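What follows is calculated from the coordinates using simple rules that are stated; it is not laboratory data. Not measured: the values here are computed from a predicted model. Every residue, glycine as well, gets a Cβ built from its backbone with ideal geometry; the counts of neighbours run over all protein chains shown.
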Number of protein chains: 2
Amino acid sequence: MDVTVAIDCMGGDHGAVVTVPATRGFLRSHPRAKAVLVGRPEALEQAKGEFGDEFGDRLNFQVAAEVVDMDESPVSAMKNKKDSSMRVAIELVKSGRADAAVSAGNTGALMAISRFVLKMLPDIDRPAIASALPTMKGRSYVLDLGANVDCSAAHLLQFGVMGAMLVAAIEHTDRPTVGLLNIGEEAIKGNEVVKQAGELLRASGLNFVGNVEGDDIYKGASDVVVCDGFVGNVALKTSEGLAQMLASFLREEFGRGLLSKCAALVALPVLKRFKRRVDHRIYNGAVLLGLRGVVVKSHGSADAFAFEQAIYRAAEAASNQLIERIGERMAAMDGVQQA
Amino acid sequence: MDVTVAIDCMGGDHGAVVTVPATRGFLRSHPRAKAVLVGRPEALEQAKGEFGDEFGDRLNFQVAAEVVDMDESPVSAMKNKKDSSMRVAIELVKSGRADAAVSAGNTGALMAISRFVLKMLPDIDRPAIASALPTMKGRSYVLDLGANVDCSAAHLLQFGVMGAMLVAAIEHTDRPTVGLLNIGEEAIKGNEVVKQAGELLRASGLNFVGNVEGDDIYKGASDVVVCDGFVGNVALKTSEGLAQMLASFLREEFGRGLLSKCAALVALPVLKRFKRRVDHRIYNGAVLLGLRGVVVKSHGSADAFAFEQAIYRAAEAASNQLIERIGERMAAMDGVQQA
């Protein structure tokens with residue numbers, strides 16, 4: 001892929017310790033890709049020493065004086081840190097010097113700065129956060145994951161379009177299926193907003209498969225799962241919590257007494273395969289959608305392998321014209337949305 | 001426990017095949033408890049034959065001419081099946097001949113009929129569905145799980161009260177902790193309703209621990225997790241879907257080749273312990289709260305072991321004065337809620 005990614009060297013819980021080896025991994029496995037590492041002078045100096053001449057002009061460095069703290073408010077990050085590594089990375093996208101930006105910094109600040117610097121796409125009212133999840137059939141993308149707590153039906157329709165274009169761009173899926181997250185209790189079938197969103201999606205020309213329920217997400221019932229940010233965030237975090245609990249119970253049971261420990265040794269290759277299969281690091285890299293540029297948010301606690309996936313996802317989205325696809329699809333739908 | 005449970009013999013995917021052995025199991029393990037089995041004449045005749053004289057006057061039978069179908073609409077069940085096993089079981093609670101009712105029949109119909117027959121408790125606007133989930137620390141109760149899609153802050157407060165009283169009654173927890181399900185994204189911290197509900201809960205005199213996020217549910221951050229029915233239903237079903245996917249992946253990996261199958265044999269006792277620990281059947285039996293009587297809904301696909309847990313939960317709630325506890329707590333809070 002012929003693409004340049006701006007990488008916030010400082011963001012996340014670990015900063016350069018993670019972002020530098022991840023950048024190296026990415027450039028090694030994508031021989032035509034380029035990167036710009038953005039960070040404080042001393043961090044970049046050290047990185048330059050570590051990289052040596054391996055990547056020549058495929059790797060550039062851009063100094064930024066400040067770093068947005070992980071718990072800093074978006075307002076403070078916007079007002080007081082105009083020369084932050086996060087912001088400079090996004091400005092590289094704005095100026096066209098990079099095709100995408102990646103940061104493991106705090107989500108609120110990343111969203112606010114991205115929105116301020118890049119602006120929204122026409123016809124998109126709200127940005128959304130989309131992330132991949134493993135399913136029985138492969139992977140699905142869920143959005144929104146927390147950027148919007150109160151959504152209208154039109155917002156959910158826009159999420160559907162953006163999600164479908166995301167999957168088309170980075171998974172190379174022709175006409176991805178789109179499902180609307182709803183509840184199947186007999187007494188009631190969703191609230192008014194969700195019902196209306198269903199009608200809009202049905203008329204949208206997207207490959208809409210109708211309502212999906214919580215358990216359908218992991219069955220892989222649709223490539224894209226649309227929901228408001230409150231529901232999406234709860235679904236994602238509940239999943240994280242459950243996976244952690246199950247992993248911890250499994251570890252405890254395999255550690256309970258000598259016999260179990262022997263069983264664990266014997267089962268180790270199997271357990272490792274299982275672990276690899278559900279390794280959440282593969283899915284790292286949530287895409288901030290609706291902006292006039294590709295911005296990907298890595299988990300703050302990502303390791304180098306996980307952060308590399310986020311860089312890869314950003315590069316893939318940019319080199320497959322994610323932004324243009326969304327713009328064109330929204331323009332083609334102008335009539336539908338008003339209906 | 002000195003309690004009589006009315007059991008809908010016909011409900012669920014399996015009917016009497018499940019409910020009869022579950023009733024036997026319950027009566028055997030609770031020598032002072034009584035049961036009334038409600039169902040069609042032929043089903044009851046067969047059950048009588050199977051039970052013989054084992055339980056004497058601890059077991060009674062009540063004929064009902066009809067059965068609510070699993071996919072029947074609540075309206076149809078209410079209008080066309082006035083002599084259904086579900087309804088007759090609930091009417092036994094109303095008339096005082098039973099202290100609680102249990103059914104594996106369809107949720108919508110059970111809720112509608114319960115509400116119509118038993119009526120709501122004073123000061124409770126909406127019924128809610130609460131269920132236990134396993135956590136790192138034991139178990140927590142989440143509500144609402146799907147009865148209400150649009151909730152006000154006052155409704156969420158009422159859910160908090162009902163959930164706390166439920167845990168006090170059936171887990172014998174003194175001053176159970178109550179958490180409010182929210183999202184922790186930096187950009188936004190929940191919608192207006194949730195913020196207001198937080199203030200009401202803080203002033204309620206309940207043991208309110210503040211906001212909890214999706215992953216906190218399984219960490220056991222609070223004994224009660226309050227949310228609206230849409231969010232709760234998605235969280236529950238997403239968890240079911242994830243657990244099924246992980247179990248299926250684990251089975252697949254242990255079935256992949258001869259070596260893995262040998263490993264599975266060696267690891268079998270450990271895997272069984274693990275499975276028992278997260279056995280969802282233990283948590284079967286969602287409590288319909290807010291009614292003037294104890295009604296418990298079993299999963300439609302429950303087996304006898306699972307259905308017995310639902311009977312046990314109903315008996316425990318009734319014998320520990322769940323309804324009285326909720327009524328008293330709401331009455332004591334009259335001032336708070338208006339504030």
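For the pairs B:Lys119/B:Lys297; A:Lys195/B:Lys79; B:Lys48/B:Lys81; A:Lys261/B:Lys219; A:Lys81/A:Lys237; B:Lys237/B:Lys297, flag any whose C-alpha to C-alpha distance is greater than 20 Å. Pairs exceeding the cut-off: A:Lys195/B:Lys79; B:Lys48/B:Lys81; A:Lys261/B:Lys219; A:Lys81/A:Lys237. Centroid-to-centroid, using Cα positions, the range A:250-318 and the range A:207-229 are 22 Å apart. Taking 1.306 mPa s as the viscosity and 10 °C as the temperature, the Stokes-Einstein diffusion coefficient of the range A:212-339 based on its alpha-carbon Kirkwood radius rounds to 88 µm²/s.
Using only alpha-carbon positions in the range B:125-289, the gyration tensor eigenvalues give semi-axes of 35, 17, 14 Å once each is multiplied by 5 and square-rooted (largest first).
Normalised Debye scattering of the range A:1-126 at q = 0.12, 0.21 Å⁻¹ gives log10 I(q)/I(0) of -0.42, -1.18, counting only Cα atoms as equal scatterers and leaving out solvent. Taking B:Lys34 as the anchor, which aspartates and glutamates have their alpha carbon closer than 18 Å to its alpha carbon, excluding any fewer than eight residues away along the same chain? Qualifying aspartates and glutamates at Cα under 18 Å: B:Asp2, B:Asp8, B:Glu50, B:Asp53, B:Glu54, B:Asp57, B:Glu91, B:Asp99, B:Glu308, B:Glu316. The distance separating the Cα centre of the range B:1-27 from that of the range B:103-123 comes to 19 Å. Backbone phi angles across the range A:134-146, fed through the Karplus curve with coefficients 6.51, -1.76 and 1.60 (θ = phi - 60°), yield HN-Hα couplings of x, 9, 4, 9, x, 8, 10, 10, 10, 8, 8, 10, x Hz in residue order; Gly and Pro are listed as x.
For chain B, a Gaussian network of Cα nodes joined below 10 Å ranks B:Gly285, B:Gly39, B:Gly190 by mean-square fluctuation, and the top entry is B:Gly190. Normalised by the number of residues in chain B, the average gap of Cα pairs under 8 Å and 6 or more apart makes the relative contact order 23 percent. Within the same chain, aspartates and glutamates fewer than 8 places from A:Lys137 are excluded, and of the rest, those with a Cα less than 14 Å from its Cα are A:Glu171, A:Asp215, A:Asp216, A:Asp223, B:Glu252. Evaluating 6.51 cos²θ - 1.76 cosθ + 1.60 at θ = phi - 60° for every residue in the range B:251-266, the Karplus couplings come out as 4, 4, 5, 6, x, 8, x, 5, 4, 5, 5, 5, 4, 4, 4, 5 Hz, glycine and proline recorded as x. Taking θ as phi - 60° and the Karplus parameters 6.51, -1.76 and 1.60, the scalar couplings of the range A:199-208 work out to 5, 4, 5, 5, 8, 7, x, 6, 7, 7 Hz in sequence order, x denoting glycine and proline. Each residue of the range B:69-180 gets 133 Å³ once the volume of the Cα convex hull is shared out per residue. Annotation for A:Asn80 and B:Met136: the two label points, set 7 Å from Cα along the Cα-Cβ direction, are 3.2 nm apart.
Shielding of peptide A:133-146 by partners, expressed as the average count of other chain Cβ atoms within 10 Å per residue Cβ, is 2.
Ranked from shortest, the separations from the 7 Å Cα-to-Cβ label point of A:Pro31 to its equivalents in the other copies are 8.1 nm. Placing a label point 7 Å from Cα along the Cα-to-Cβ direction at A:Glu328 gives distances to the equivalent points in the other copies of 6.9 nm, listed shortest first. In the protein assembly as shown, the DSSP-assigned H stretches of four residues or longer account for a calculated mean residue ellipticity at 222 nm of -15500 deg cm²/dmol, using -39500 (n - 2.57) per stretch and the full residue count as denominator. Between A:Ser248 and B:Cys262, the simple label model (points 7 Å from Cα in the Cβ direction) yields a spacing of 3.5 nm. Going by a ≥ b ≥ c, the root eigenvalues of the Cα gyration tensor, does the protein assembly as shown fall in the rounded group (a/c under 1.5), the prolate group (a/b larger than b/c) or the oblate group? Prolate.
Mind jotting down the distance between the C-alpha centroids of the range A:125-195 and the range A:39-63, whole Å? Value for the Cα centre distance between the two parts: 39 Å. Among the trypsin sites (Lys or Arg not before Pro) in the range A:103-169, those located in a DSSP loop and surrounded by at most 14 other Cβ atoms within 10 Å of their own Cβ are A:Lys119, A:Lys137. Across the range A:22-37, the residues whose backbone nitrogen lies under 18 Å from the label position 7 Å along the beta-carbon direction of A:Asp279 are A:22-30.
Of all DSSP beta bridges confined to the range B:125-289, the antiparallel ones make up roughly 40%. With a Förster radius of 56 Å applied to the beta-carbon distance between A:Arg202 and B:Arg32, the computed FRET efficiency rounds to 0.50.
Taking the DSSP bridge list for the protein assembly as shown and keeping only pairs wholly inside it, about 30 percent are antiparallel. Taking amide H positions as modeled 1.01 Å from N, with prolines and chain starts lacking one, the residues under 5 Å from B:Val295 and 5 or more places away or on another chain are B:Ala101, B:Leu288. Relative to the other identical copies, A:Glu171 shows label-point distances of 3.7 nm, where the label point lies 7 Å from Cα along the Cβ direction and values run shortest first. Give the shape of the range A:235-296 as rounded, prolate or oblate, defined through the alpha-carbon gyration tensor: a ≥ b ≥ c are the square roots of its eigenvalues, a/c under 1.5 means rounded, and otherwise the shape is prolate if a/b is larger than b/c and oblate if not. Because a/c hits 1.5 or more and a/b exceeds b/c, the range A:235-296 counts as prolate.
Using the Cβ-Cβ distance between A:Arg97 and B:Ser301 with R0 set to 56 Å, the FRET efficiency from 1/(1 + (r/R0)^6) comes to roughly 0.45.
Semi-axes of the equivalent ellipsoid for chain A, computed as √(5λ) from the eigenvalues of its C-alpha gyration tensor and ordered from largest down, come to 32, 29, 18 Å. Modelled spin-label separation between A:Lys119 and B:Asn60, with each label point placed 7 Å from Cα along the Cα-to-Cβ direction: 7.7 nm.
Computed about the Cα centre, the dipole magnitude for the range B:125-289 is approximately 980 debye when only Lys and Arg (+1) and Asp and Glu (-1) carry charge, each at its Cβ.
Distant-in-sequence amide contacts of B:Val5, defined by a placed amide H-H separation under 5 Å and a gap of 5 or more residues or a different chain, comprise B:Lys34, B:Ala35, B:Val36, B:Asp99.
Every Cα-Cα pair of the range A:101-167 was included, and the share exceeding 15 Å stands at 58 percent.
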